[in-house]
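Written out below as structure tokens is the structure these notes cover.
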Amino acid sequence: MVIITLDTTRADRLGCYGYTLAETPAMDALAARGTRFARAYTPVPLTIPAHSSLFTGLLPPHHGVRDNGDQRLSLEATTLAERLSEAGWHTHASVAAFVTQAHWGFGQGFEGYDDELGVPSDRLSWRAERDGGEVVDQALEAFADGADFLWVHLFEAHSPYEPSEPFRSRHPDRPYDGEIATLDHHVGRLLAGLPPETLVVLAGDHGEGLGDGGEEQHGLLLSDATLHVPLILAGPGVPVGVEERPVSLVDVAPTLLQLLGLPAEPDVDGSDLFAPSSRPGVYSETLYGQSHYGWAPLRSLIGPDGRVVRGTRDSLEGQVSSNMFLALERGALGTPRWEPEPLTLDLAQIEQLQTLGYLGGPLASTAGAEPVDPRDGIHAVKRLGQLGALPPAEQEQELRALLEDNPGFRDARFRLVMLLSNAGALDEAMGELATLYAQVPDSTAAVTMGELWMRAGDFGEALHWFREASAHDPRSFTARAGELEALVQLGLYDEARAFADMALLDAPDHGSLLASRAQLALVDGEPLGDWPDIVAALARQRPYEPRLPQQAGRLLAAAGRPEEAIELLRTELAWRPHNLAGRLDLYALFSEHGRNVDAVKTIRPLLAMQPNEPRWQALAARSYLAMGREDLAQPHREACAGIEGCP
């Protein structure tokens, strides 16, 4: 059996759903030999909660994952993969993006889970996706090794729309269609590598706005563009034909258990797709506007003949019955079966979600403010999305204006924090972050505050914030790694060693934890042994992990391997050019080995960013003097006069 989820895929862009410009022969052929559900809808137009519903059969109000970002599916949830594993199936997942990695709770029940995103394709954010061909290759390899239940997640249709050839040339003015054609190619390869009797589920997790209702992407509004998804089942026990009644992704797991003759999971929201249903409609929601901007939530119910969408007002289409209103209320007021587990994001992951177009979190405060309906506030979201093309100074001005109008605009404030911190304005960045944390105290804001205090060199304050993050999210290894590094920097070596030993029992291959433990060996005089090689290998594999290449560089320098140390410190700065400690490490290494020209080049960004900072002037003066260029050193000596270390 295989479940194929197509990220960000509109039903109305497939040939089998009536789109005449589509190039989707593999999916069309699958629909022709199985059941195509003409009116299938996602419970929420966001990847993490939608997949949580798909695999549990529960609506978001019941499984508790309501947004992308700060929540993972609880370990108390029972997933389809867990049910199949208990029944003797060999389960394997191969996924394509950050938002489907195992740490969101999706690893439950899978024996194998391929989710490594690989090397970066740009300067700051690790790659938003990996090629579907690689995902399919891994899935087929797992099948050949004995896996008999596969989950394959493909991400091509997510923005930015950059189809590969030959699909780019075939759809020159329709790049989204080109991405759908690319998806179809990968689906065709996957199905060709599986036995023809394989039970196949193909589903979109959500659609894409493409301008409908003013929404270019997805998550904020509840329109057919973002809710209506392809859903096709084919294989043993599946009738051939088209089902016209509204169905939901929550129906997939109960249907598969029924087809496989396994007991139904009790008290789920989904029902057998092939059995009559008495429910008045299909429930969907988005709390994206509430969690990002402090606006009102949106909820909808789609029945056989009508639809109601509720925000600060109701909008009705077709025949809407009183039962639909009652069902909408029941869905809206549902309580989670268990509390969703928080998930802490570090600075690199925040940048990653911003690259994908969203950053979630706990619900933003709307206290004292008239709630805004997202349908009325969509212009502010478009305004935020256009800021990336502006110079940093103009971005800051626009972000402050947005926050003046929308104080609960969580995304805008996080972007302002990142902008200020990258410009070296750490005090201002921490002030904005404190405002955000006061609105919604959560682990992501706390760990970000810890990382900013680390940059500022106040390790005691950083330790406080990492511990604050752990209080919000006890499972956060990001917070634990930060706490360990702060303990090392504070010279609390015995406490750091005990803490590291406990943390590594839970996460023996966690890169930042291992690197900080190695740093402890370095500063406390322990034999380095294999630590430089271990951490260097991790840093080359995971350059996106904050400070990991920097820590590897320090270890290699201590081991007498300066060229390798320089390589990894340069990697750190390529990813995080505003890492002050990493830049100073590289400067010191160049200076130690007489590479004074490189030393000056390394601190030149500091001189440009903070020309009045005497510490950087002193470093420049020392390097120029080491070159024998007193003429170049003199202006810097004058600028640093009076401080310790000024030559």
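The values are calculated or read from the model by the stated rules, or taken from the named source; none is laboratory data. None of the values given here were measured: they were computed from a predicted structure. Virtual Cβ from ideal backbone geometry, glycine too; neighbours counted across all protein chains shown.
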Which members of the stretch 287-329 meet the condition of being without any contact (Cβ under 8 Å) to a residue 40 or more places away in the chain, among the basic types (Lys, Arg) and in contact with a helix residue (DSSP H, G or I) (Cβ under 8 Å, 6 or more places away or on another chain)? Arg310
Which of the numbered conditions does Ala445 fail, given that it passes all the others? Conditions: (1) among the small types (Gly, Ala, Ser); (2) under 28 Å from the mean Cα position of the chain (by Cα); (3) surrounded by fewer than 18 Cβ atoms within 10 Å (Cβ to Cβ). (3)
Enumeration of residues in the stretch 515-543 that are crowded, with 22+ Cβ neighbours inside 10 Å and within 24 Å of the chain's Cα centre (by Cα): Ala515, Leu538, Ala539
Does the stretch 614-627 contain at least one residue that is outside any helix (DSSP H, G or I), in contact (Cβ under 8 Å) with a residue 12 or more places away in the chain and not assigned by TED's automatic domain parsing to the domain that holds Glu526? yes
If we ask which residues in the stretch 628-646 are in a helix (DSSP H, G or I) and surrounded by 15 or more Cβ atoms within 10 Å (Cβ to Cβ), their number turns out to be 6
Only one of these is crowded, with 24+ Cβ neighbours inside 10 Å, over 24 Å from Glu243 (Cβ atoms) and among the aliphatic types (A, V, I, L, M): Ala81, Ala11. Name it. Ala81
Kindly state which strands (runs of 3 or more DSSP E) lie completely within the stretch 202-302 and contain at least 1 residues that are on the phi > 0 side of the Ramachandran plot. 241-243
Go through the stretch 496-516 and report how many residues are closer than 18 Å to Ala539 by Cα, in a helix (DSSP H, G or I) and in contact (Cβ under 8 Å) with a residue 24 or more places away in the chain. 6
For the stretch 271-306, what are the residues that are more than 27 Å from the chain's Cα centre (by Cα) and surrounded by 23 or more Cβ atoms within 10 Å (Cβ to Cβ)? Leu273, Gly281, Val282, Leu301, Ile302
I need a count of the residues in the stretch 130-155 that are surrounded by 20 or more Cβ atoms within 10 Å (Cβ to Cβ) and either touching a residue at least 60 places away in the same chain (Cβ under 8 Å) or more than 30 Å from Leu257 (Cβ to Cβ) (or both). 9
Could you tell me which of the residues Arg542, Arg561, Arg547 is assigned by TED's automatic domain parsing to the domain that holds Val523, among the charged types (D, E, K, R) and under 22 Å from Leu619 (Cβ atoms)? Arg547
Would the stretch 222-236 turn up any residue that is touching a residue at least 40 places away in the same chain (Cβ under 8 Å), in contact with a strand residue (DSSP E or B) (Cβ under 8 Å, 6 or more places away or on another chain) and acidic (Asp, Glu)? no
Any chance the stretch 317-331 includes a residue that's crowded, with 21+ Cβ neighbours inside 10 Å, on the phi > 0 side of the Ramachandran plot and at pLDDT below 85? no
How many residues of the stretch 593-613 are farther than 27 Å from Leu426 by Cα and either in contact (Cβ under 8 Å) with a residue 24 or more places away in the chain or touching a helix residue (DSSP H, G or I) at 6+ places or on another chain (Cβ under 6 Å) (or both)? The answer is 4
If Asn68 satisfies every condition in (1) buried (at least 24 other Cβ atoms within 10 Å of the Cβ); (2) outside any loop (DSSP other than H, G, I, E, B); (3) under 19 Å from the mean Cα position of the chain (by Cα) but one, which is the exception? (2)
Taking the stated definitions as given, is Leu556 more than 15 Å from Asp585 (Cα to Cα) and in contact (Cβ under 8 Å) with a residue 24 or more places away in the chain? no
Applying the selection to the stretch 472-481, what residues are part of a helix (DSSP H, G or I) and either at pLDDT 90 or above or surrounded by fewer than 23 Cβ atoms within 10 Å (Cβ to Cβ) (or both)? His472, Phe477
Going residue by residue through the stretch 190-204, is there one that turns out to be of a type in the set (A, V, I, L, M, F, W, C), in contact with a Phe, Trp or Tyr (Cβ under 7 Å, 6 or more places away or on another chain), in the same structural domain as Ser94 (by TED's automatic domain parsing) and crowded, with 21+ Cβ neighbours inside 10 Å? no
Any residue at all in the stretch 453-471 that is buried (at least 19 other Cβ atoms within 10 Å of the Cβ), over 27 Å from Pro392 (Cα atoms), in contact with a helix residue (DSSP H, G or I) (Cβ under 9 Å, 6 or more places away or on another chain) and touching a residue at least 40 places away in the same chain (Cβ under 8 Å)? yes
